[in-house]
Amino acid sequence: MKARVMIQTGDRRLEMAEREVPMVGPDEGLLRVEACGLCGSDVEQYKGHFTQKGIVRYPVIPGHEPIGIIHEIGAEASRTWGVKKGDRVALEPHLTCGSCPVCLGGRYHLCRSLLQVATPAYGFLSTEFGHGLWGGYGEFIHLHRRTIMHKLPDALPLSVATMYQAIAAGVCWSVHVPQSSFGDTVLILGCGQRGLGAVLACANAGVRNIIVTGLARDRYKLALARTLGAHHTIEVDREDTLTRVMEITGHKGVDVALDVSPGATAPINDAIKAVRVGGTVVLAGLKGGQSSVTIDSDYVVTREITLRGVYSQSYSAYEQALDLIARNVERVKPMHTHSFPLEQAALAIETLAGEREGEEAICVSINPGA
Ligand SMILES: [Zn+2]
Ligand SMILES: [Zn+2]
């Protein structure tokens, strides 16, 4: 059997190809990819940023947010994963050993012990590594025995299901990590898919006041944030973020500030200055390497502010996100704006990246199974 795949062979270069699908061992499986969600990492990978940094090697089949049907499964894998042929699942990207200090300490997504490569994850392993079928931009993914997966609720529409990673990030970064709860005020800096996932998570956690920032050109995303539960929105290029936050909070500041803005470094200082004494700042937005940001450390010390970096999502965040999506299908539907066939993977990435005039993109997916 052969699989049609989209292989990245260079910066901004994707090529359709066919690859042999290897046999499935007793502790392995084969996923027939229905759809693969895209995020900012897909854009960076496409432009070659990850290869330039040495964390991804060409050729590679990208796609780290895949959803599909278990097409074949070994008996041992079926027992371990608790799924059978025909089940629909969503994959966690990271392949981890489960027994090193990092895994046992609970940060399994940061484990580098299993495969001894820079990025041991679906969508980032070269086709020259092992069997090569590691990416969601393809009809099949060959499932490694250490795969972590989540069974999807029956009847969840495919387009909303592809947002599982964005919403899991929202759950993890805006609620679990900073322990936001009933009555809190949370500031979310950035209104991309992860910012909107955070709004949905906070609203469901009973957060009293949800404030979201974005650019004026992203007004459609801020409008959607309101339908997902945001109480206040700030257009950062038209209004001063801190002035508005202090107005809204009666000069108390927010309990939690989450930065999910890509590239810009100003929101890091906005987050620090926006939180109350003893508040928590969660940093999630990657700044493309321009990470030497000047912060007022005395301000952080004397106000006992917690600074916390987050990089991925926990198992429980994924489970709660899938439940949240299943209970809010109609509300989250407008977040998914575009689907593309596998052949148009480049167009999909460029649409998400905002490179296509007039396209209002939020969540975009590639559907190899279409
Ligand atoms: Zn992603
Ligand atoms: Zn490990």
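Only one of these conditions is not met by Thr119: (1) more than 16 Å from ligand 1 (Cβ to nearest atom); (2) farther than 29 Å from Ala155 by Cα; (3) not in a helix (DSSP H, G or I). Which number is it? Tallying (1) more than 16 Å from ligand 1 (Cβ to nearest atom); (2) farther than 29 Å from Ala155 by Cα; (3) not in a helix (DSSP H, G or I), Thr119 fails exactly one: (1).
Please work out which residue is nearest to the chain's Cα centre (by Cα), limiting yourself to segment 295-336 and to residues that are hydroxyl-bearing (Ser, Thr, Tyr) and within 27 Å of Gly253 (Cβ to Cβ). The residue in question is Tyr311. Counting just the residues of segment 137-190 that are among the acidic types (Asp, Glu) and assigned by TED's automatic domain parsing to the domain that holds Tyr108, which one comes out nearest to Val83 (Cα to Cα)? Looking at the filtered set, the residue picked out is Asp154. Restricting attention to segment 122-148, the residues that are surrounded by 20 or more Cβ atoms within 10 Å (Cβ to Cβ), within 19 Å of Tyr318 (Cβ to Cβ) and hydrophobic (A, V, I, L, M, F, W, C) total 3.
Would segment 308-329 turn up any residue that is in a helix (DSSP H, G or I), surrounded by fewer than 17 Cβ atoms within 10 Å (Cβ to Cβ) and hydroxyl-bearing (Ser, Thr, Tyr)? Yes: one or more hits. Across segment 154-190, the qualifying residues are those that are touching a Lys or Arg at 6+ places or on another chain (Cβ under 9 Å) and assigned to a loop (DSSP other than H, G, I, E, B), and the one among them that is nearest to ligand 2 (Cβ to nearest atom) is Val177. Selection over segment 337-354 of residues that are without any contact (Cβ under 8 Å) to a residue 60 or more places away in the chain and in a strand (DSSP E or B) gives a count of 4.
Looking at Glu360, is it closer than 30 Å to Met16 by Cβ, more than 17 Å from the chain's Cα centre (by Cα) and not assigned by TED's automatic domain parsing to the domain that holds Val199? Answer is yes for this residue. Scanning segment 52-108 for residues that are within 22 Å of the chain's Cα centre (by Cα) and β-branched (Val, Ile, Thr) yields Ile55, Val56, Val60, Ile61, Ile67, Ile69, Val89, Thr96, Val102.
Within segment 108-124, being within 9 Å of ligand 2 (Cβ to nearest atom) and either in contact with a strand residue (DSSP E or B) (Cβ under 8 Å, 6 or more places away or on another chain) or not polar (S, T, N, Q) (or both) holds for Tyr108, Leu110, Cys111, Arg112, Leu114. The residues in segment 216-258 that are of a type in the set (A, V, I, L, M, F, W, C), more than 23 Å from Arg331 (Cβ to Cβ) and under 24 Å from the mean Cα position of the chain (by Cα) can be counted, and the count is 3.
Against the test of being in contact (Cβ under 8 Å) with a residue 12 or more places away in the chain, at negative phi and outside the structural domain of Glu65 (by TED's automatic domain parsing), the options Ala264, Ala321 yield a single qualifying residue, Ala264. For Gly37, the conditions (1) crowded, with 16+ Cβ neighbours inside 10 Å; (2) at positive phi; (3) not hydrophobic (A, V, I, L, M, F, W, C) are fulfilled apart from (2).
Among the residues of segment 249-287, those identified as aliphatic (A, V, I, L, M) and surrounded by fewer than 19 Cβ atoms within 10 Å (Cβ to Cβ) are Ala264, Ala266, Val277, Leu286.
The values are calculated or read from the model by the stated rules, or taken from the named source; none is laboratory data. None of the values given here were measured: they were computed from a predicted structure. Using ideal geometry, Cβ is built from the backbone for each residue, glycine included, and neighbour counts are taken over all protein chains shown.
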